[in-house]
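Remarks on the structure that follows.
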Amino acid sequence: MALLEAKNITFHYPDQPRKAIDNISFQIEQGEFIVLCGPSGSGKSTLLRLLKREIAPHGKWTGDLFFQNQAISHFSSEQLAQSIGMVFQDPENQIVMDQVMEELVFGLENIGTPTDEMRKKVAEMIHFFGLENLLHKRTHELSGGQKQLLNLASVLLMEPQVLLLDEPTAQLDPIAAKDFIGMLHRMNEEFGITVIIAEHRLEELFALADRVLVLEQGKKKHDGSPRKIIREI
Ligand code: ADP
Ligand code: ADP
């Protein structure tokens with residue numbers, strides 16, 4: 001059984017001359033590390049946001065999206081948060097709380113996690129990410145790279161099986177970007193979490209990726225191993 005399946009997905013923003021996503025299909029298996037690439041405007045963000053139901057949750061798009069054979073359109077928002085996590089390009093965009101610790105517990109509190117369990121999970125995540133020395137800080141005091149790591153840790157606490165990332169390092173300096181990608185790689189290896197990342201820093205990612213999906217004008221142009229894609233493009 002595929003973890004995620006898209007069948008003939010098509011999406012057209014109102015008033016736009018062409019489709020942003022044009023009849024795309026794919027299957028994604030548990031544990032895959034996938035890089036989504038293609039020129040600006042090729043539909044990467046739109047595709048990720050459709051998978052997470054961030055746009056057009058009830059219609060406008062056609063086709064079918066399944067998570068473990070269940071239609072994503074029927075998921076409750078809680079079910080969705082615990083299946084598919086997302087990190088966006090702008091580190092600011094996602095942070096909602098004033099204190100780092102509040103930010104980490106926010107999602108778990110929302111789904112009613114018992115306090116003991118929440119403490120344990122948060123402590124493990126702080127250790128995994130090495131966030132100990134940020135705990136006394138306020139979120140707005142963090143650097144862009146620290147904010148993105150906090151976003152990643154907060155999303156991961158929901159224990160999603162898939163993580164979607166929309167150019168998460170675009171606003172980071174090269175060292176912070178490398179740290180962030182290194183952390184993603186560890187999460188994929190150690191937790192088996194499935195990663196789909198839209199990125200421009202392709203060299204670093206091609207070395208880690210199992211598979212590359214290339215979009216062009218809303219269509220799936222290539223789909224295969226990094227080695228195969230490098231031969232084709
Ligand atoms: P990418 O992430 O590859 O840069 P996008 O998914 O952002 O591509 O954009 C795909 C197409 O959809 C582009 O033509 C873009 O202009 C258009 N588009 C993206 N977001 C919107 C929006 N909110 N409203 C209208 N058109 C949009
Ligand atoms: P990226 O290439 O990083 O995906 P874009 O520059 O395409 O980002 O888009 C940035 C933001 O502007 C997104 O929120 C997108 O939805 C919106 N956007 C992009 N193109 C359009 C458009 N033609 N009309 C309205 N909003 C758009």
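What follows is calculated from the coordinates using simple rules that are stated; it is not laboratory data. Values in this document were obtained by computation on a predicted structure and should not be read as measured data. Counting neighbours? That spans all protein chains shown, and the Cβs are built from the backbone with ideal geometry, glycine included.
What the table below lists for this structure:
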{"quantity": "Förster-model FRET efficiency, 35 Å R0, residue 115 and residue 225, C-beta, rounded to 0.05", "calculated": "0.20"}
{"quantity": "The stretch 79-233, Cα convex hull volume normalised per residue, Å³", "calculated": "120 Å³"}
{"quantity": "Total charge dipole magnitude, the stretch 127-233, about the Cα centre, Cβ charges on Lys, Arg, Asp, Glu only, Debye to nearest 20", "calculated": "260 debye"}
{"quantity": "Relative contact order [Cα under 8 Å, 6+ residues apart], the stretch 1-126, whole percent", "calculated": "24 percent"}
{"quantity": "Alpha-carbon spread of the stretch 146-233, three principal axes, descending order, Å", "calculated": "36, 28, 24"}
{"quantity": "Overall Cα dimensions of the stretch 1-54 - principal axes, largest extent first, Å", "calculated": "37, 21, 19"}
{"quantity": "222 nm mean residue ellipticity, helices alone, for the chain (DSSP H n ≥ 4; -39,500 (n - 2.57); rounded to 500)", "calculated": "-11000 deg cm²/dmol"}
{"quantity": "Residue among 183, 93, 26 farthest towards the positive dipole end of the chain, charges placed on Cβ", "calculated": "26"}
{"quantity": "Sequence-separation-based contact order of the stretch 1-67, relative, with Cα cut under 8 Å and 6+ spacing, percent", "calculated": "45 percent"}
{"quantity": "Pairwise centroid distance, computed over Cα atoms, of the stretch 213-233 with the stretch 1-63, Å", "calculated": "15 Å"}
{"quantity": "Residue list for the stretch 33-62, given a label point 7 angstrom along the Cα-to-Cβ vector of residue 7 and an amide N cut-off under 16 Å", "calculated": "62"}
{"quantity": "Mean Cβ neighbour count within 10 Å, used as a protection proxy, ranking 129-135, 47-53, 103-109, 14-20 highest first", "calculated": "47-53, 103-109, 129-135, 14-20"}
{"quantity": "Label-to-label distance, nm, for residues given as residue 189 and residue 101 (7 Å Cα→Cβ offset)", "calculated": "3.2 nm"}
{"quantity": "Kirkwood Rh in Å, taken over all unlike Cα pairs in the stretch 1-153", "calculated": "17.6 Å"}
{"quantity": "Computed over the chain: relative contact order in percent, which uses C-alpha pairs under 8 Å that are six or more apart", "calculated": "29 percent"}
